[in-house]
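I have placed the structure first, in the form of structure tokens, so that the comments after it can refer back to it.
The values are calculated or read from the model by the stated rules, or taken from the named source; none is laboratory data. Here the structure is a predicted model, which means the values were calculated and not measured. Cβ placement follows ideal geometry from the backbone for every residue including glycine, while neighbour counts extend to all protein chains displayed.
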Amino acid sequence: MNLQIPAIIEGKESAGIAVSENVFGQAFNESLVHQLIVAYMAGGRSGTKKQKTRAEVSGGGAKPWKQKGGGRARAGSTRSPLWRSGGVTFAATNRCYKQKLNKKMYRAGMRSIFSELLRQQRLVLDDSINSVEPKTKHLYSKIKIHDELRILIITSAVDDDLYLAARNLPNVNICISNSLSPVALVNSDKVIVTTEAVKLIEERLG
């Protein structure tokens, strides 16, 4: 089976480059992709919220009044959660939200995403992105055929000119091939890649 990523030349789609079936020809595994995205988003949570329990609030060592005979409810500490300045009943503590995902599962999930993007014709090749000027109008002139779409541009290395050209375009995101976001891939209507980026993706996920 000969798989090809269509290329954009002078604003028109044409025959692109052949790609590996091992990376771009896999069946879509919805459950694995879902697990991959959930794990990725969970890893971005800080988990630094902290509240004090009744054991951590200072004071409250002495019993405020005797147990019986006062006509008041029993109380053993002024730092009870029922009292003002007391501790929190179910206090939030620092925690890590990261979920374990094996490398083999990550690669399989990413291959599944790229294969689906190619099947849905949402993946295109455009090497002219590498020579873009640091001007918004210059980049927009190259991608205007995808107007009103959420676009993800994948390059092989950091390109300051491309970043400067894209930062004022609200629907355009940029990432490099060695730090791909599965969330960005799934949420994009069109993914534009360069030839060098495709080679690195095949090398990493193959």
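Quick check, is residue 79 surrounded by 13 or more Cβ atoms within 10 Å (Cβ to Cβ), more than 22 Å from residue 197 (Cα to Cα), more than 34 Å from the chain's Cα centre (by Cα) and not assigned by TED's automatic domain parsing to the domain that holds residue 151?
When the stated conditions are applied, residue 79 passes them.
Pairs please, first residue from segment 50-73 and part of a loop (DSSP other than H, G, I, E, B), second anywhere and among the polar types (S, T, N, Q), Cβ atoms under 6 Å, 6+ apart in sequence or on different chains.
From segment 50-73, the pairs are 50/94; 60/77; 60/78; 64/78.
If you check residue 158 against the conditions, is it surrounded by fewer than 13 Cβ atoms within 10 Å (Cβ to Cβ), assigned by TED's automatic domain parsing to the domain that holds residue 111, closer than 15 Å to residue 129 by Cβ and without any contact (Cβ under 8 Å) to a residue 60 or more places away in the chain?
Yes, satisfied.
If you scan segment 176-201, which residues turn out to be buried (at least 16 other Cβ atoms within 10 Å of the Cβ) and touching a Ser or Thr at 6+ places or on another chain (Cβ under 6 Å)?
Passing the criteria: 177, 194, 197, 200, 201.
On the given criteria, is residue 95 assigned to a loop (DSSP other than H, G, I, E, B) and either out of contact with any Lys or Arg (no Cβ under 9 Å at 6 or more places or on another chain) or surrounded by fewer than 10 Cβ atoms within 10 Å (Cβ to Cβ) (or both)?
So residue 95 fails the test.
Out of the helices (runs of 4 or more DSSP H) lying entirely within segment 130-206, which hold 1 or more residues that are modelled with pLDDT of 90 or more and closer than 24 Å to residue 4 by Cα?
By residue number, 182-187, 195-205.
How many residues are part of a loop (DSSP other than H, G, I, E, B) and not acidic (Asp, Glu) when one looks only at segment 120-129?
Here the count works out to 3.
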